[in-house]
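Read through the structure below, which is laid out as structure tokens, and then see the notes.
The values are calculated or read from the model by the stated rules, or taken from the named source; none is laboratory data. Model, not experiment: these values are computed from the prediction. When we count neighbours, we look across all protein chains shown, and the Cβ atoms used for this are built from the backbone with ideal geometry, even at glycine.
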Amino acid sequence: MEVVIAPAEELAVLAADAIEALLRRDPATVLGLATGSSPLRVYDELARRHREDGLSFADARGFMLDEYVGLDAAHPQRYRNVIETEIASRVEWPADQVSGPDGLADDIPAACAAYERAIADAGGVDLQLLGIGTDGHIAFNEPGSSLASRTRIKTLTAQTRVDNARFFGDDVDQVPTHCLTQGLGTIMQARHLVLLATGRQKAEAVHQLVEGPISAMWPGTVMQLHPHATVLVDDAAASRLQLGDYYRQTFASKPDWQGL
Ligand code: GLP
């Protein structure tokens with residue numbers, strides 16, 4: 001696992017560089033998309049590169065991590081709509097090339113199985129962007145999630161609903177109680193995991209993710225088993241890392257050509 005500690009703007013550039021390198025090498029790259037505030041600077045940077053440097057998403061595919069259950073199709077907080085607003089529309093990404101789990105399906109298990117098949121049929125995810133919840137969840141794999149889980153329905157914890165109330169007019173009752181989420185086993189099949197975390201409220205989750213024992217209680221710790229995982233954190237989110245100085249030194253001495 002590579003840990004990079006830098007200001008948030010630099011982290012976004014590093015993540016965008018990794019995505020751009022993939023798209024330039026293979027325009028049909030498969031990207032894994034995350035919602036939440038953590039990837040927003042990356043999306044801003046990709047939109048800028050699309051606008052100014054012609055970075056094209058015309059042949060790329062995108063798969064989202066998760067979706068709320070039951071939010072109507074036009075709801076602005078439905079994750080498919082958030083992704084459309086924050087990235088897809090800004091890079092002129094054809095709508096039928098970006099998919100998410102269907103939170104409005106009548107047959108939820110069938111929809112989850114279909115989503116797993118769609119990812120596999122696309123050849124798997126090349127680079128998966130991730131954030132982390134304050135309780136250590138990645139996507140919506142809440143504490144207690146099987147480390148081998150696949151796309152399925154989950155109940156959101158009270159903590160996650162409080163954390164996400166800011167997107168619902170600070171009214172926790174408006175936050176859905178359930179979601180569909182790629183499982184930890186699904187996420188682990190992506191070829192490169194890139195997790196972003198900023199702010200002191202993420203410090204304990206980041207410490208556990210990087211340095212804690214692998215445990216379903218801190219679902220992000222499964223990333224320790226991934227052969228190509230990158231954790232991009234600012235000083236505040238890195239503040240509880242025991243080996244922070246070592247990660248700083250390692251990154252400072254890394255040759256420029258190496259990338260993430
Ligand atoms: C949300 C999302 C996750 C996200 C996490 C952190 O609930 N389902 O994919 O990574 O919580 O969100 P934020 O980046 O806004 O802190």
Q: Can you tell me which residue among Gly123, Gly131, Gly100 is closer than 27 Å to Gln208 by Cβ, modelled with pLDDT of 95 or more and not β-branched (Val, Ile, Thr)?
A: Gly131
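Given Tyr79, Tyr115, which one is hydroxyl-bearing (Ser, Thr, Tyr), surrounded by 19 or more Cβ atoms within 10 Å (Cβ to Cβ), closer than 30 Å to Ala236 by Cβ and at pLDDT 95 or above? Working first, answer last.
Values: Tyr115 fails: closer than 30 Å to Ala236 by Cβ.
That would be Tyr79, the only listed residue that is hydroxyl-bearing (Ser, Thr, Tyr), surrounded by 19 or more Cβ atoms within 10 Å (Cβ to Cβ), closer than 30 Å to Ala236 by Cβ and at pLDDT 95 or above.
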(Q) Testing Ile87 on (1) part of a loop (DSSP other than H, G, I, E, B); (2) within 16 Å of the ligand (Cβ to nearest atom); (3) in contact with a helix residue (DSSP H, G or I) (Cβ under 9 Å, 6 or more places away or on another chain); (4) not acidic (Asp, Glu), one condition comes back false. Which one is that? (A) (1)
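Under the condition of being in a loop (DSSP other than H, G, I, E, B) and out of contact with any helix residue (DSSP H, G or I) (no Cβ under 6 Å at 6 or more places or on another chain), which residue from the stretch 220-240 is surrounded by the fewest Cβ atoms within 10 Å (Cβ to Cβ)? If you could, list the steps in order and put the result at the bottom.
Initial filter on the stretch 220-240 (in a loop (DSSP other than H, G, I, E, B)): 226-228, 234-240.
Going one step further and asking which of them are out of contact with any helix residue (DSSP H, G or I) (no Cβ under 6 Å at 6 or more places or on another chain), we end up with 226-228, 235.
Details: His226: 17, Pro227: 9, His228: 13, Asp235: 15.
Out of the qualifying residues, it is Pro227.
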Q) Within the stretch 37-81, which residues are more than 18 Å from Leu23 (Cα to Cα) and hydrophobic (A, V, I, L, M, F, W, C)? A) Leu40, Leu65, Val69, Leu71, Ala73, Ala74
Q.
Can you find a residue that is under 25 Å from Ala120 (Cα atoms) and at pLDDT 95 or above anywhere in the stretch 197-215?
A. no
Q) Among the residues of the stretch 133-152 satisfying the criterion of being touching a Pro at 6+ places or on another chain (Cβ under 8 Å) and among the β-branched types (Val, Ile, Thr), which is nearest to the ligand (Cβ to nearest atom)? A) Ile138
Q.
Yes or no: the stretch 136-146 includes at least one residue that is surrounded by 18 or more Cβ atoms within 10 Å (Cβ to Cβ), closer than 14 Å to Leu184 by Cα, of a type in the set (Ser, Thr, Tyr) and under 15 Å from the mean Cα position of the chain (by Cα).
A. no
Q.
I'm told Thr221 meets every condition in (1) within 13 Å of the ligand (Cβ to nearest atom); (2) within 17 Å of the chain's Cα centre (by Cα); (3) of a type in the set (Val, Ile, Thr); (4) more than 26 Å from Ala111 (Cα to Cα) except one. Can you identify the failing condition by its number?
A. (1)
Q: Sort out which residues of the stretch 22-81 are away from the ligand (no atom under 15 Å from the Cβ), within 19 Å of Leu180 (Cα to Cα) and in contact (Cβ under 8 Å) with a residue 40 or more places away in the chain, and write them in order of number.
A: Gly70
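Residue by residue, here is whether (1) more than 10 Å from the ligand (Cβ to nearest atom); (2) in a helix (DSSP H, G or I); (3) basic (Lys, Arg); (4) within 20 Å of Leu195 (Cβ to Cβ) holds:
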position	(1), (2), (3), (4)
Ile119	yes, yes, no, yes
Leu129	no, no, no, yes
Asp163	no, yes, no, yes
Arg166	no, yes, yes, no
Q: Those residues that are within 18 Å of the chain's Cα centre (by Cα) and surrounded by fewer than 20 Cβ atoms within 10 Å (Cβ to Cβ), I need them from the stretch 100-112; list them, please.
A: Asp102
Q | Residue among Pro176, Pro213, Pro227 that is over 18 Å from Leu14 (Cβ atoms) and in contact (Cβ under 8 Å) with a residue 12 or more places away in the chain | A | Pro176
